[in-house]
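One structure is given below, encoded as structure tokens.
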Amino acid sequence: MSILLRNIIRFILLILFQVMVLDRILVHQMVNPYLYMLFVLLLPFNIPRPALQFLGLLLGLTLDMFSDSMGIHAAACVFIAYLRPFVLNILSPQGGFEGPQRTPSVTTMGISQFAIYVTVMVLLHHIAYFCLSVFSFADPLYLLTKILLSTTASLLLILIYELLFFSRK
């Protein structure tokens with residue numbers, strides 16, 4: 001299967017799963033699990049920055065249409081799409097990441113670097129998203145708790161996703 005077709009299918013499935021399943025899960029107004037940003041995180045290493053940001057915008061706007069969040073998802077996705085090359089550059093070894101797929105994964109990056117990459121990016125996404133959605137620093141402990149609990153839930157979902165779809169070549 002080509003990388004383009006795989007990413008189109010991933011885009012559609014992640015949006016559908018987010019809208020139909022995960023958006024209905026809310027634990028005491030503190031945990032909002034998000035998996036949709038995994039589309040931006042798993043795009044190929046060599047994708048041009050403008051294309052990466054456009055795809056982040058498209059992903060965020062698509063989810064915003066379904067959730068009536070007025071551009072908050074789009075802003076958070078463009079934010080992580082902008083920072084993704086910098087984070088990958090910091091984590092990459094001297095010669096870049098090796099592997100036939102040339103996309104971020106446990107296979108190409110290794111378990112520890114992939115875990116760091118996903119954790120940093122999900123945390124950055126959640127910081128941007130919840131700061132924009134709460135739009136108040138009146139209760140910083142509430143905001144911090146919401147960010148950390150939602151990041152933990154999202155990372156758990158990403159771990160499950162990786163275990164289900166991880167190819168051991």
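Averaged per residue, what accessible surface does the chain expose to a 1.4 Å probe, in Å²? The partial results should precede the final answer.
Values: 9380 Å² over 169 residues.
Averaged over the residues of the chain, the accessible area is 55 Å².
Please report, in debye to the nearest 20, how large the charge dipole of region 3-164 is about its Cα centre when each Lys and Arg carries +1 at its beta carbon and each Asp and Glu carries -1 there. Show your work: numbers first, answer last.
Details: 7 positive and 6 negative charges, 56 e Å.
In total the dipole reaches around 260 debye.
Rounded to the nearest 0.05, the FRET efficiency derived from the C-beta distance between ILE3 and LEU132 at R0 = 25 Å is 0.20.
In this view, the solvent-accessible surface of ASP23, computed with a 1.4 Å probe and all protein chains in place, comes to about 70 Å².
For the pair region 46-60 / region 99-158, the C-alpha centres are spaced 18 Å from each other.
Below 8 Å, C-alpha to C-alpha, sequence gap of six or more: please give me the relative contact order for region 3-164 in percent. Contact order relative to length: 26 percent. Of the accessible area of the chain, computed with a 1.4 Å probe over protein heavy atoms only, carbon and sulfur atoms account for 72 percent. Ranking SER92, VAL120, HIS28 by Cα position along the charge dipole of region 3-164, where only Lys, Arg, Asp and Glu carry charges on their C-beta atoms, puts SER92 farthest toward the positive end.
The values are calculated or read from the model by the stated rules, or taken from the named source; none is laboratory data. Only a predicted model underlies this, so the values are computations on that prediction, with no experimental measurement involved. Neighbour counts are summed over all protein chains in view; Cβ atoms, including those assigned to glycine, are modelled from backbone coordinates with ideal geometry. Each accessible area value is taken on the protein alone, full model and side chains, heavy atoms only, with ligands, DNA and RNA left out. Shrake-Rupley method; radii C 1.70, N 1.55, O 1.52, S 1.80 Å.
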